[in-house]
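To start, the structure itself, in structure tokens.
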Amino acid sequence: MTWDLSKLGNCTVHGHHAGKECPLCRAGPPVAAAAPVPEPEQDRSSWHKGPEKELHDWLEAELIRLGISYIHARTDQKSTIANGWPDFSLFFAAPDGIARACFVELKNRAGRTSADQRECIAGLQKLNIPVLVTGDFRESVEFIKLHLSYPPF
């Protein structure tokens, strides 16, 4: 687009030398920014801190490094997925073209599975879906690699 300089004048809105062909002038007056949305109130209880939270962070970083798709239940808020559902839902399309899934529930040393978790895990296992409950990072990674047939090993 070429500008016809004879039609330009001083813009009273933006303070520059322009006219009705100016993109700023065509856009109209500036729109006020929307009010910031307040963050939802977070559960500040201790269950989302400490050794179990570190395990979650380590495993999540390893899954990203390996390129494995996953769904991770948040540790800083009450979960919105089904009660008892494992912390990590993992998926991988193996080189043979078959998609695989497995689940990992991470616990700290004193952690125990709830009744909801035991019921959910039993239901997944009835469907022949592997589920691991552990507090060990290495065990969880080896379990994932084994059940997702993750290469190269």
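Tally time: how many residues in the stretch 48-67 are touching a helix residue (DSSP H, G or I) at 6+ places or on another chain (Cβ under 7 Å) and modelled with pLDDT of 90 or more?
Qualifying residue count for the region: 3.
Hey, could you check the stretch 38-47 for residues that are surrounded by 10 or more Cβ atoms within 10 Å (Cβ to Cβ) and not charged (D, E, K, R) and say which is modelled with the highest pLDDT?
Only one residue tops the list, namely Trp47.
Surrounded by 13 or more Cβ atoms within 10 Å (Cβ to Cβ) and touching a strand residue (DSSP E or B) at 6+ places or on another chain (Cβ under 8 Å): does that describe Phe103?
In short, yes.
Here is a list of conditions, (1) assigned to a helix (DSSP H, G or I); (2) surrounded by fewer than 16 Cβ atoms within 10 Å (Cβ to Cβ); (3) of a type outside the set (Phe, Trp, Tyr); (4) in contact with a strand residue (DSSP E or B) (Cβ under 6 Å, 6 or more places away or on another chain), and Leu55 meets all of them except one; can you say which number that is?
(2)
Taking the options Ala122, Ala101, Ala82, Ala115, name whichever one is aliphatic (A, V, I, L, M) and modelled with pLDDT under 90.
Ala82
Determine whether Ala110 is within 20 Å of Glu54 (Cβ to Cβ), out of contact with any Ser or Thr (no Cβ under 6 Å at 6 or more places or on another chain) and free of Cβ contacts under 8 Å to residues at least 12 places away in the same chain.
yes
Going residue by residue through the stretch 118-141, is there one that turns out to be free of Cβ contacts under 8 Å to residues at least 12 places away in the same chain, among the hydrophobic types (A, V, I, L, M, F, W, C) and assigned to a helix (DSSP H, G or I)?
Yes, the stretch 118-141 has at least one match.
The values are calculated or read from the model by the stated rules, or taken from the named source; none is laboratory data. Not measured: the values here are computed from a predicted model. FYI the Cβ positions are ideal-geometry reconstructions off the backbone, even for glycines, and counts take in every protein chain you see.
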